[in-house]
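The values are calculated or read from the model by the stated rules, or taken from the named source; none is laboratory data. Bear in mind the structure is a predicted one, so any value in this text is a computation, not a measurement. As a convention, Cβ positions derive from the backbone with ideal geometry for all residues, glycine included, and neighbour counts pool all protein chains shown.
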Amino acid sequence: MAKRATAYVCQSCGAVAAKWAGRCDSCGEWNTLVEERSGSGVGGSPTVASRKRGRVVPLVGLSGESEAPARVETRVGELDRVTGGGFVRGSALLVGGDPGIGKSTLLIQAAARVARLGHRAIYISGEEAIDQVRLRAARLGLSDAPVGLAAETSVEDILATLTDGPAPALVIIDSIQTLWSEMVESPPGTVTQVRASAQALVRYAKSSGATVILVGHVTKDGQIAGPRVVEHMVDAVLYFEGDGAHQYRILRSVKNRFGATDEIGVFEMTDKGLAEVANPSALFLGERSGRTPGSAVFAGLEGTRPLLIEIQALVAPSPLGTPRRAVIGWDSARLSMILAVLEARCGVRFAQNDVYLNVAGGLRVSETGADLAVAAALISSLSGVALPADCVYFGEVSLSGAVRAVSQAQSRLKEARKLGFTSAFVPEANAGDADGDQVTGLSELTDLVARIAASSTGADRPADAEG
Ligand code: TYD
Ligand code: MG
């Protein structure tokens, strides 16, 4: 039977449908199905004709001699930390992020570093002309670095260029959405093209021993193919995040076959490009004013690195029938849960109030260990009692109102001590790990409410605040 020549591919999730529909069955997005021809070629499936009897491959045991993968270090501490100690030779990485966040800047800096350390580095720009890239390099003071530069979008031409001459150590493709392969009949930017181009480059990385970094844009409306389809093919996925209002950027590993995930690197965007931030906690707490109600410092963990983060809450009387709940930098469902636990288990009422929660510095916190700090900030704002300025909080809150243990309490407390915090509220089960500090173990969320209420008799309580 003849194979279907065309298929409808969702540009958002990559699902394939046999006939067109207004809404993708798989991800639920509207107007994302686009007709694409499924050809053979670079990314196509093997045709019936090429199907032959396979060769027998030897099976081996799970134990055996294996060397640590060879790596190319950039000696940029924050970048090497995220990759797990440098780029692994023969691997492919995807660097995703919003347009304008600084992906091209980061990668031209990385390419220049690697080139200056004596390796061959190639930067292929599909988005910017040679002059634009040169202009940026000049601005960053990198013009003298021996990076091979080309502006090209054809996968076949790029592969021919890369295989010509000695094998490079690092190849940067900026961006995967601009590439197109002649072997596939879809326009550039479609899932089929992105997938085919990525597959060809991943194969090149494996066969040549070069590290290939693919840049991918993430768009909110999903109009051009997101790099999601590529995530499965590559060895590591890094996301470059940050917001327009702040100068710092966070490189986060969400997948890494050769190192830890959830590892972050912190950079600051300066007029000379991206600079490493050696002490991010100090940066995130930099603008904190100690004595305002509603601010709590969370001793968090990002990957293997402890990080202190300010959680800000504002609880204000609401003029609305249904009060507003707005969250930036944390999960809004999690906020609803903490509010419900405070209401049901601790008798603290938020029903007449708008609640706003913000993670200072534009950071995104996904750890459940932030529950206790969020609760402390909420109670503090509601009661108008400022929390002690030298105190950190961490602990997970369960629906029953119990405070549960979190991992690596010691390294969290160590980071807090390093930055001058002298006391901590932690889960009871973690309190035993502490040595020397004024560490208070909590087993129930009501204990926290009671302690904050007790401190409200102190001098710092504003006259108009209600208990
Ligand atoms: P860019 O690397 O082009 O972003 P992306 O490749 O992710 O789209 O960076 C764009 C922004 O970075 C741009 O708005 C200007 C800013 N920038 C600086 O602030 N300092 C610099 O030295 C450079 C090169 C860029
Ligand atoms: Mg760019």
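Taken as a whole, segment 152-167 holds no residue that is under 26 Å from the mean Cα position of the chain (by Cα) and either part of a helix (DSSP H, G or I) or surrounded by fewer than 21 Cβ atoms within 10 Å (Cβ to Cβ) (or both).
Taken together, S318, S295 contain a single residue that is away from ligand 2 (no atom under 16 Å from the Cβ), surrounded by 22 or more Cβ atoms within 10 Å (Cβ to Cβ) and polar (S, T, N, Q), which is S295. Residues in segment 377-396 that are out of contact with any strand residue (DSSP E or B) (no Cβ under 7 Å at 6 or more places or on another chain) and surrounded by fewer than 18 Cβ atoms within 10 Å (Cβ to Cβ): A389 only.
Here G141, G189 are screened, and the one residue that is in the same structural domain as L94 (by TED's automatic domain parsing), under 23 Å from R37 (Cα atoms), within 16 Å of ligand 1 (Cβ to nearest atom) and in a loop (DSSP other than H, G, I, E, B) is G189. Evaluate the following for T322: is it closer than 19 Å to P388 by Cα and more than 28 Å from the chain's Cα centre (by Cα)? Judged against the criteria, T322 is not a match. Being of a type in the set (S, T, N, Q) and surrounded by fewer than 16 Cβ atoms within 10 Å (Cβ to Cβ) is true for just one of S66, S91, S125. Which residue is that? Answer to the selection: S66. For segment 96-146, filtering for residues that are within 13 Å of ligand 2 (Cβ to nearest atom), among the charged types (D, E, K, R) and touching a residue at least 60 places away in the same chain (Cβ under 8 Å) leaves 2.
When the criteria are applied in full, I173 meets the requirement of being surrounded by 21 or more Cβ atoms within 10 Å (Cβ to Cβ), within 16 Å of ligand 2 (Cβ to nearest atom) and in a strand (DSSP E or B).
If only one of L372, L399, L363 is within 25 Å of A316 (Cα to Cα), modelled with pLDDT of 90 or more and crowded, with 19+ Cβ neighbours inside 10 Å, which one is it?
L372
Note on segment 128-137: residues that are in a helix (DSSP H, G or I) and either surrounded by 14 or more Cβ atoms within 10 Å (Cβ to Cβ) or within 10 Å of ligand 1 (Cβ to nearest atom) (or both) amount to 6. Residue count for segment 311-325, restricted to those that are of a type outside the set (S, T, Y) and over 16 Å from L382 (Cβ atoms): 3.
What number goes with the only condition from (1) over 24 Å from the mean Cα position of the chain (by Cα); (2) within 28 Å of G242 (Cα to Cα); (3) in a helix (DSSP H, G or I); (4) hydrophobic (A, V, I, L, M, F, W, C) that A111 does not pass? Of (1) over 24 Å from the mean Cα position of the chain (by Cα); (2) within 28 Å of G242 (Cα to Cα); (3) in a helix (DSSP H, G or I); (4) hydrophobic (A, V, I, L, M, F, W, C), only one is false for A111: (1). Under the condition of being polar (S, T, N, Q) and assigned to a loop (DSSP other than H, G, I, E, B), the residues counted in segment 337-372 number 2.
Candidates are the residues of segment 384-404 that are touching a residue at least 40 places away in the same chain (Cβ under 8 Å) and in a strand (DSSP E or B); the one that is farthest from E367 (Cα to Cα) is C391.
Would you confirm, using the coordinates I've provided, whether L308 is at pLDDT below 85, crowded, with 17+ Cβ neighbours inside 10 Å and closer than 14 Å to G362 by Cα? So L308 fails the test.
For segment 416-431, the criterion of a residue being closer than 19 Å to E310 by Cα, part of a helix (DSSP H, G or I) and polar (S, T, N, Q) is satisfied by no position. When the residues of segment 93-124 are filtered to those that are of a type in the set (S, T, N, Q) and touching a Leu at 6+ places or on another chain (Cβ under 7 Å), which remaining residue is nearest to ligand 1 (Cβ to nearest atom)? Among residues in segment 93-124 that are of a type in the set (S, T, N, Q) and touching a Leu at 6+ places or on another chain (Cβ under 7 Å), the one nearest to ligand 1 (Cβ to nearest atom) is T105.
If you go through segment 4-13 and keep only what is buried (at least 21 other Cβ atoms within 10 Å of the Cβ) and out of contact with any strand residue (DSSP E or B) (no Cβ under 7 Å at 6 or more places or on another chain), you end up with just S12. Could we say that S407 is touching a residue at least 40 places away in the same chain (Cβ under 8 Å), of a type in the set (G, A, S) and within 17 Å of L372 (Cα to Cα) here? Yes; evaluated as a whole, the condition is true for this residue. On the basis of being in contact (Cβ under 8 Å) with a residue 60 or more places away in the chain, over 30 Å from A450 (Cβ atoms), out of contact with any strand residue (DSSP E or B) (no Cβ under 7 Å at 6 or more places or on another chain) and away from ligand 2 (no atom under 16 Å from the Cβ), does E287 make the cut? In short, yes.
Only one of the numbered conditions (1) more than 30 Å from I108 (Cβ to Cβ); (2) assigned to a strand (DSSP E or B) is violated by E287, and that is (2).
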